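Have a look at the structure below, then the notes.
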Protein chains: 2
Amino acid sequence: MTMNGNSAGGLGHGYYFEDLSVGMEARYAKKITDKDVLAFADLSGDVNPVHLSDDFAAGTLFKKRIAHGFLTGSLFSTVLGTKLPGPGCIYLSQTMKFRAPVYIGDEVVATLRITGLDTDKARATLACDCAVNGKTVLDGEAVMMVDRRTPRQ
Amino acid sequence: MTMNGNSAGGLGHGYYFEDLSVGMEARYAKKITDKDVLAFADLSGDVNPVHLSDDFAAGTLFKKRIAHGFLTGSLFSTVLGTKLPGPGCIYLSQTMKFRAPVYIGDEVVATLRITGLDTDKARATLACDCAVNGKTVLDGEAVMMVDRRTPRQ
């Protein structure tokens, strides 16, 4: 795991484009609690009963209440916005494939790794993975625009 | 805007696959407040100062604090999980392109429209758009697996 002292503090500027290289990696882990799921439902308005009702969830493929996919996915944003590339980068795009449910109480580990750098456009592509007990539950790809240390003329 | 009485209440089962047709549309609007942005930062751990610090944001391209892209994007999940297709569907994938910033105080309107139905796999594809004052700030595509009213043998 590669860390940037400045961005890890959450306040300074993150990596500049010139400081990035393919293979750099960062992660963030979070245990998803019932309180988190209720807060996300409140915030987003997504009150789908598969997240909120034990009875409804019991009748689904999942058998138990699951976390919102976007709550899990938001951990990608957390890594991107606070660690790699960190503050100052601009989010251009994200893809997500939901592979398996996340249950309340699961610890999700989001791992992001730089897979491509476009020097002309100062863009970084990152492979994004969220796993529970080592099994991928969500993966995808992010593209970020990253500040140059020395702006081009 | 097409609505399903059951799913609009947030508790019953949403549309079944057989009830869907290309062109059906649903939407959800939310004004993004400062409180929402703080709550999302707390929930996700994404404390990127572009969302939280007026001083930091003043030095960025955006000039002012912006909402988390995933907070805006979560409105797609809200429509999918509560309106179209509504409860019972399973989220397979989502793409997102962040086109423009969302500022605190902006009202975001998420509009989703069915663009494709795969009868063999019981999957629906939806075009997803979030707009502020009629201008797209985020768009992408969602793919959902939808319960059949009559399960296939």
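Restricting attention to the range B:120-132, and to residues there that are touching a residue at least 24 places away in the same chain (Cβ under 8 Å) and not in a strand (DSSP E or B), which single residue is surrounded by the most Cβ atoms within 10 Å (Cβ to Cβ)? Reasoning before the result, please.
So the first thing to find is which residues in the range B:120-132 are touching a residue at least 24 places away in the same chain (Cβ under 8 Å), and the list is B:121-124, B:126, B:128, B:130, B:132.
The next check asks that each one be not in a strand (DSSP E or B); those that pass are B:121-122.
Details: B:LYS121: 12, B:ALA122: 20.
Top of the filtered list is B:ALA122.
Going by the structure shown, is B:LEU11 at pLDDT below 95, at the interface with another protein chain (Cβ under 7 Å from one of its Cβ atoms) and either surrounded by fewer than 18 Cβ atoms within 10 Å (Cβ to Cβ) or farther than 13 Å from A:GLY81 by Cβ (or both)? So B:LEU11 passes the test. For the range A:45-75, taking the residues that are closer than 17 Å to B:THR72 by Cβ and touching a Lys or Arg at 6+ places or on another chain (Cβ under 8 Å), the one that is surrounded by the fewest Cβ atoms within 10 Å (Cβ to Cβ) is identified as A:GLY45.
Among the residues of the range B:119-153, those identified as within 18 Å of the chain's Cα centre (by Cα) and aliphatic (A, V, I, L, M) are B:ALA124, B:LEU126, B:ALA127, B:ALA131, B:VAL132, B:VAL137, B:LEU138, B:ALA142, B:VAL143, B:MET144, B:MET145, B:VAL146. Residues in the range A:87-118 that are of a type in the set (D, E, K, R) and within 11 Å of chain B (Cβ to nearest Cβ) were compared, and the one that is farthest from the chain's Cα centre (by Cα) is A:ARG99.
Apart from one condition, B:LEU84 fits all of (1) of a type in the set (A, V, I, L, M, F, W, C); (2) outside any helix (DSSP H, G or I); (3) within 7 Å of chain A (Cβ to nearest Cβ); the exception is (3). Considered as a group, the residues in the range B:17-35 that are surrounded by 18 or more Cβ atoms within 10 Å (Cβ to Cβ) and either part of a loop (DSSP other than H, G, I, E, B) or out of contact with any strand residue (DSSP E or B) (no Cβ under 8 Å at 6 or more places or on another chain) (or both) include one that is nearest to the other protein chains (Cβ to nearest Cβ), and that residue is B:ILE32.
In the range B:88-101, how many residues are assigned to a loop (DSSP other than H, G, I, E, B) and either at pLDDT 95 or above or over 30 Å from A:LYS64 (Cβ atoms) (or both)?
So the count comes out to 3.
For the range B:36-77, filtered to residues that are aliphatic (A, V, I, L, M) and not in a helix (DSSP H, G or I), the residue that is nearest to A:THR82 (Cα to Cα) is B:VAL47. From the list A:LYS63, A:LYS35, the lone residue that is basic (Lys, Arg), at positive phi and without any contact (Cβ under 8 Å) to a residue 12 or more places away in the chain is A:LYS63. Selection within the range B:65-75: residues that are more than 8 Å from chain A (Cβ to nearest Cβ) and of a type outside the set (Gly, Ala, Ser). The member of this set that is nearest to the chain's Cα centre (by Cα) is B:THR72. Only one entry in B:VAL146, B:VAL109, B:VAL137, B:VAL102 is in contact (Cβ under 8 Å) with a residue 60 or more places away in the chain and either small (Gly, Ala, Ser) or surrounded by fewer than 18 Cβ atoms within 10 Å (Cβ to Cβ) (or both), namely B:VAL109. Would you be able to say whether some residue in the range B:95-107 is in contact with a helix residue (DSSP H, G or I) (Cβ under 6 Å, 6 or more places away or on another chain) and β-branched (Val, Ile, Thr)? There is at least one residue in the range B:95-107 that is in contact with a helix residue (DSSP H, G or I) (Cβ under 6 Å, 6 or more places away or on another chain) and β-branched (Val, Ile, Thr).
The values are calculated or read from the model by the stated rules, or taken from the named source; none is laboratory data. Everything numeric in this text was worked out from a predicted model, so none of it was measured. So basically every Cβ, Gly included, is an ideal-geometry build from the backbone, and we count neighbours across all protein chains shown.
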